[in-house]
Amino acid sequence: MAFIDYYKVLGLNKSATTAEIKKAYRKLARKHHPDVNPNDKTAEHKFKEINEANEVLSDPEKRKKYDKYGKDWQHGEAYEQAQQQQQSQRHYQQQGPGNFGGGNFSDSEFSDFFESMFGGRGASQGHGRSAGFRGQDFNAELQLDIKDVFETQKRVLTVNGKNIRLTIPAGVENGQVIKISGKGGPGANGGPNGDLLIQFNISNSTKFKRDGSNLYATEKIDLYTAILGGEVTVRTFDGKVKLKVKPETQNGTKVKLKGKGFPIYKKDGQFGDLFITYEIEMPTKLSDKEKALFNELKNLQS
Amino acid sequence: MSTATYIPIATLCTSYKVETSFFQDLNEYGLIEITTIEKSPCIHQNHIKNLESIVRLHKDLHINFEGIDTVLNLLEKIQELQEDLAAAKNRLRIFED
């Protein structure tokens with residue numbers, strides 16, 4: 001548990017007046033308030049820090065105690081007293097977040113440092129964030145592979161000890177957020193529950209590049225097939241197709257395979273297109289005979 | 001239309017410790033939409049999230065209603081830009097090896 005320099009948090013020096021503390025706090029609160037920084041964990045953390053700093057420095061008693069013990073706070077009388085108070089609160093504080101990755105569901109309002117020195121959550125002076133009627137929204141991230149979102153699938157997630165059945169529609173985008181209404185924190189005094197917001201982080205280690213419902217891939221073809229034409233078998237996302245290569249196909253030629261792309265989000269049975277770019281492979285390690293034949297071709301051109 | 005999805009303003013006044021006039025003012029500034037259900041002014045449940053954000057901006061940061069309207073418009077713009085940026089980033093992955 002580290003010492004927190006509350007003066008530094010508010011950008012003040014130790015001789016700051018009450019008015020200066022108030023001004024600094026209000027300015028920083030406007031900058032970092034969670035409602036003006038939605039989905040910004042850094043701002044949320046910063047807001048908690050400045051609230052805590054204000055809680056201590058704007059209260060003459062707390063400020064005096066903080067100033068007196070400073071960095072040696074662990075040896076001070078305040079620490080001794082706080083330790084006793086803390087025992088009774090520890091049980092409550094240990095009710096941590098659920099086991100669902102990335103969730104940040106029940107962050108304590110105050111740091112361990114604060115709770116050790118001032119004995120738990122303290123009586124808030126009405127600063128910080130006003131209490132709500134509607135429950136808190138829960139934010140979570142779900143890591144998926146691109147192969148997982150090629151087909152609609154059902155998953156059961158555990159969020160804060162509750163099982164939630166989730167249908168992940170095929171074609172969901174990387175970074176997309178799905179809202180599950182009413183599965184967030186409980187409301188207060190009969191207020192509605194918050195929502196569960198799940199962000200999908202989709203990794204892709206396949207040879208296919210994805211742009212929405214379209215897929216892109218390169219396919220190598222040999223020089224002779226490119227010049228004379230022929231057939232090649234190319235891999236699509238979920239299978240293989242045979243393609244006719246036209247004679248005199250140029251390097252970088254693009255072929256569109258209609259409907260062989262990625263599923264279109266929430267449009268059952270509809271798919272985007274697959275774009276194949278041909279990359280012509282030049283022959284190497286030519287035999288004397290091959291070289292002679294290429295020379296013959298060269299002479300025919302001139 | 002289920003009334004369960006509408007929350008009476010009287011209930012909200014108690015929860016947020018504000019006067020009824022606060023909601024009337026918000027309505028006049030076009031920040032909220034009030035629906036009357038059985039002669040009682042209510043707010044739809046889906047608008048509560050937005051309403052709570054307004055209450056916090058007003059109570060925590062002392063922002064007046066004109067300021068809140070401006071903040072909300074700018075936040076909406078930021079969200080649109082963030083969505084555009086995310087889409088552009090996804091698109092750029094096509095060119096990455």
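The table below lists the values:
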{"read-out": "Selection status of A:K267, open to solvent by 60 Å² or more (accessible area, probe 1.4 Å) and closer than 20 Å to A:A226 by Cα", "value": "no"}
{"read-out": "Residue match in region A:16-31 (condition: modelled with pLDDT of 95 or more and more than 22 Å from B:H62 (Cα to Cα))", "value": "yes"}
{"read-out": "Sole exception among (1) at pLDDT below 95; (2) open to solvent by less than 30 Å² (accessible area, probe 1.4 Å) for B:E96, by number", "value": "(2)"}
{"read-out": "Those residues of region B:30-47 which are free of Cβ contacts under 8 Å to residues at least 24 places away in the same chain and farther than 23 Å from A:G194 by Cβ, in sequence order", "value": "B:T36, B:K39"}
{"read-out": "Residue pairs meeting the criteria (Cβ under 7 Å; at least 6 apart or on separate chains; first without any contact (Cβ under 8 Å) to a residue 60 or more places away in the chain, in region A:31-44; second open to solvent by 40 Å² or more (accessible area, probe 1.4 Å) and outside any loop (DSSP other than H, G, I, E, B))", "value": "A:H32/A:K46"}
{"read-out": "Qualifying residue in region A:127-143 (condition: more than 30 Å from A:K266 (Cβ to Cβ), open to solvent by 60 Å² or more (accessible area, probe 1.4 Å), at pLDDT 80 or above and more than 23 Å from the chain's Cα centre (by Cα))", "value": "no"}
{"read-out": "Given (1) open to solvent by 90 Å² or more (accessible area, probe 1.4 Å); (2) out of contact with any Pro (no Cβ under 8 Å at 6 or more places or on another chain); (3) free of Cβ contacts under 8 Å to residues at least 60 places away in the same chain, index of the condition A:L228 fails", "value": "(2)"}
{"read-out": "Scope region A:165-206; condition surrounded by fewer than 16 Cβ atoms within 10 Å (Cβ to Cβ) and among the small types (G, A, S); matching residues", "value": "A:S181, A:G182, A:A188, A:G190, A:S203, A:S205"}
{"read-out": "Residues (small (G, A, S) and surrounded by 15 or more Cβ atoms within 10 Å (Cβ to Cβ)) located in region A:231-264", "value": "A:G261"}
{"read-out": "Single match in A:L215, A:L257 (criterion: within 35 Å of the chain's Cα centre (by Cα) and within 14 Å of another protein chain (Cβ to nearest Cβ))", "value": "A:L215"}
{"read-out": "Criterion violated by B:D69 - all others in (1) open to solvent by 70 Å² or more (accessible area, probe 1.4 Å); (2) over 30 Å from A:N204 (Cα atoms); (3) acidic (D, E) satisfied", "value": "(1)"}
{"read-out": "Residue among B:N64, B:N50, B:N27 that alone is closer than 21 Å to A:G132 by Cα, touching a residue at least 12 places away in the same chain (Cβ under 8 Å) and not aliphatic (A, V, I, L, M)", "value": "B:N50"}
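The values are calculated or read from the model by the stated rules, or taken from the named source; none is laboratory data. Bear in mind that the values here come from a model prediction, so they are computed numbers and not experimental data. So basically every Cβ, Gly included, is an ideal-geometry build from the backbone, and we count neighbours across all protein chains shown. Each accessible area value is taken on the protein alone, full model and side chains, heavy atoms only, with ligands, DNA and RNA left out. Shrake-Rupley method; radii C 1.70, N 1.55, O 1.52, S 1.80 Å.
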